[in-house]
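Working notes, structure below.
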Amino acid sequence: MNNKLKKVLVVDDEVKIIEVVKSYLESKGFTVFSAENGKQALNIFESENISLIVLDLMLPDMSGEEICMEIRKKSRVPIIMLTAKVEESDMLKGLNIGADDYITKPFSLKALYARIEAVLRRSSDELVPLYNKITFNSGDLEVDFESHIIKKNLVEINLTPNEFKILGALIKYPNKVFTREDIIKVALGDEFEGYDRAVDSHIKNIRQKIESDPKNPVYVLTIYGIGYKFGGK
């Protein structure tokens, strides 16, 4: 695996761990950035094209879970959680909010490197959930991909299967502008027999169900002359 162009962000409040991991990964060819708290980590993530994050769960200003959820609103970057916790429930929680793998302290550098290689190998642009459950705009919209439940202001709403697939595609690629053809290909699949303008009807129906003001949407945005993108935060 060619690591020369890959940037890894290591987030841990223990300076010794950062120093050792940084030195080891640099010897393997990675460019390594480090942060000792959540705010630093998010700032670096916003300014650099990070390929993978090694993220400690216990940080002084915010938890690793909070950072993971924040990043998953906008990126598919692989995340490996670093934790002293070994309870199954903690691991499952992390995986449900979008972590790709776990490694528990104390750990060997070889084991961490093997996990990094494995996660990078299997990371791709396939339409897989960034997370199982996420909320947008301070809880106004909640989407649970595992149970296919969507709530608006805590009230469950019903989307058709195609509407759910379209909304899911937009959410899972939050910075991508979709043409109608993209939506058919990525969300609806080759078996879809409708015309591309049928996408507009689905979008209109989605807006009626999830937007407070469908004529001024904040979630499903029209990018004029191109198509649609997701605008939730």
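The values are calculated or read from the model by the stated rules, or taken from the named source; none is laboratory data. All values derive from a computational prediction rather than experimental measurement. So basically every Cβ, Gly included, is an ideal-geometry build from the backbone, and we count neighbours across all protein chains shown.
When region 139-156 is limited to residues that are farther than 15 Å from Phe230 by Cα and of a type in the set (Asp, Glu), the one that is modelled with the highest pLDDT turns out to be Glu156. Only one of the numbered conditions (1) surrounded by 19 or more Cβ atoms within 10 Å (Cβ to Cβ); (2) out of contact with any Phe, Trp or Tyr (no Cβ under 9 Å at 6 or more places or on another chain); (3) basic (Lys, Arg) is violated by Arg72, and that is (2). One residue is enough: does region 210-226 have a residue meeting the conditions crowded, with 18+ Cβ neighbours inside 10 Å, assigned to a helix (DSSP H, G or I) and in contact with a helix residue (DSSP H, G or I) (Cβ under 7 Å, 6 or more places away or on another chain)? Within region 210-226 (the criterion being crowded, with 18+ Cβ neighbours inside 10 Å, assigned to a helix (DSSP H, G or I) and in contact with a helix residue (DSSP H, G or I) (Cβ under 7 Å, 6 or more places away or on another chain)), the answer is no, since none of the residues qualifies. Hey, any hits in region 189-198 for a residue that's surrounded by 20 or more Cβ atoms within 10 Å (Cβ to Cβ) and not assigned by TED's automatic domain parsing to the domain that holds Gly98? Among the residues of region 189-198, not one is surrounded by 20 or more Cβ atoms within 10 Å (Cβ to Cβ) and not assigned by TED's automatic domain parsing to the domain that holds Gly98, which makes the answer no. Restricting attention to region 23-46, the residues that are more than 17 Å from the chain's Cα centre (by Cα), assigned to a helix (DSSP H, G or I) and surrounded by fewer than 18 Cβ atoms within 10 Å (Cβ to Cβ) add up to 6. Only one entry in Glu163, Glu146 is more than 26 Å from Glu65 (Cα to Cα) and of a type in the set (Asp, Glu), namely Glu163. Can you name the number of the only condition in (1) among the hydrophobic types (A, V, I, L, M, F, W, C); (2) assigned to a loop (DSSP other than H, G, I, E, B); (3) free of Cβ contacts under 8 Å to residues at least 24 places away in the same chain that Leu159 fails? Failing condition for Leu159: (3). Just one of (1) on the phi < 0 side of the Ramachandran plot; (2) outside any strand (DSSP E or B); (3) modelled with pLDDT of 85 or more fails for Tyr195. It is (3). Among the residues of region 1-18, some residue qualifies, meaning at least one is without any contact (Cβ under 8 Å) to a residue 60 or more places away in the chain, touching a Lys or Arg at 6+ places or on another chain (Cβ under 7 Å) and under 17 Å from Tyr113 (Cβ atoms).
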